[in-house]
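Participant: Here's a structure for you.
The values are calculated or read from the model by the stated rules, or taken from the named source; none is laboratory data. All figures in this text were calculated on a predicted structure; none of them were measured in a lab. Side chains included, ligands, DNA and RNA excluded: accessible areas come from the protein's heavy atoms. Shrake-Rupley method; radii C 1.70, N 1.55, O 1.52, S 1.80 Å.
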Amino acid sequence: MTSFDSAKDLVLVAGATGGVGQLVVGKLLEKGLKVRVLTRNAAKAEEMFNQKVEIAVGDIRQPATLPAAMLGVTHIINCAGTTAFPSARWEFDETPNLIEWGIIFLNPKSSEAKAKNSPTKIDAQGVSNLVAAAPQNLKRFVFVSSCGILRKNQFPFSILNGFGVLDAKQKGEESIINSGLPYTIIRPGRLIDGPYTSYDLNTLLKAKTGGKYGVVIGIGDTLSGDASRIDVANACVECLFQPSSSRKIFEIVNQGQRPPVIDWETLFSGIE
């Protein structure tokens, strides 16, 4: 098991104020690790995490904002993402009217030029920017991707990829793999449980799935189903402690009966 040096190691979390990101930060802190969050909104992060983390103001879409956030970083967990289909989260230059929304849905490519927060700009270019800024001695780069990357022409993933979210995530994965950095890519199924918007970190630390289903991890993009954000966040953190998970891509879904304790070491090491 990989040991962390609590005095030296520092985990940078991108997308920390999102549903999975909040839970990742909570789990890292629960394990006593030093955390720095990369955020565009320092006030929001300060209120959410209550001075329990370092805050670096930056934007994965803007490469010039990233080097300062990387100082001393030993691990990166990227939970940043946007919606698969056009929404207000795509940050259009101007809010589309009904006719413009119709054009966007009939011609998906028309949305890219008008949106600041599209999958291409977050999951493809944003990931590439993070990779380029990462320290060369980084111990691990963890990326939350998606099931269906290799099944984009199959239902229901063909629908999910209607506006290119799986294409973008695949490009993000490729930039990580080709970088030479140690990595773990987590491909969850359809995310459930949350998202969480509470500003009380203690509440997040106590969050339980409440579900009855176990955690199933696979390789080769063969799994389908729902994935609890809580278990996805746990996988992002637990993989850092498992040498066998380095330079691997895993799918994760919730299926079967849930055991009293999830054995992450066995889950990660039992798949070759």
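Participant: Suppose the chain between ARG89 and LYS44 were pulled fully straight at 0.36 nm per residue; how much longer would it get relative to their current alpha carbon spacing? List each step's numbers first, then the result.
Facilitator: Working: separation 45, 0.36 × 45 = 16.20 nm, distance 1.63 nm.
14.6 nm is the gain from fully extending ARG89 to LYS44.
Participant: Additional query: Taking amide hydrogens as modeled 1.01 Å from N in the peptide plane, which residues meet the under 5 Å criterion relative to ASP221, leaving out close sequence neighbours?
Facilitator: When sequence neighbours closer than 5 places are left aside, the close amide H contacts are GLU251.
Participant: Quick one: length gained pulling LYS212 to LYS31 fully straight, 0.36 nm per residue minus the C-alpha distance?
Facilitator: Details: separation 181, 0.36 × 181 = 65.16 nm, distance 2.47 nm.
Gain on stretching LYS212 to LYS31: 62.7 nm.
Participant: How much accessible area per residue does region 36-88 have, counting only protein heavy atoms and a probe of 1.4 Å, in square angstrom? Mind showing how you got there, number by number?
Facilitator: Details: 2450 Å² over 53 residues.
Value for region 36-88: 46 Å² per residue.
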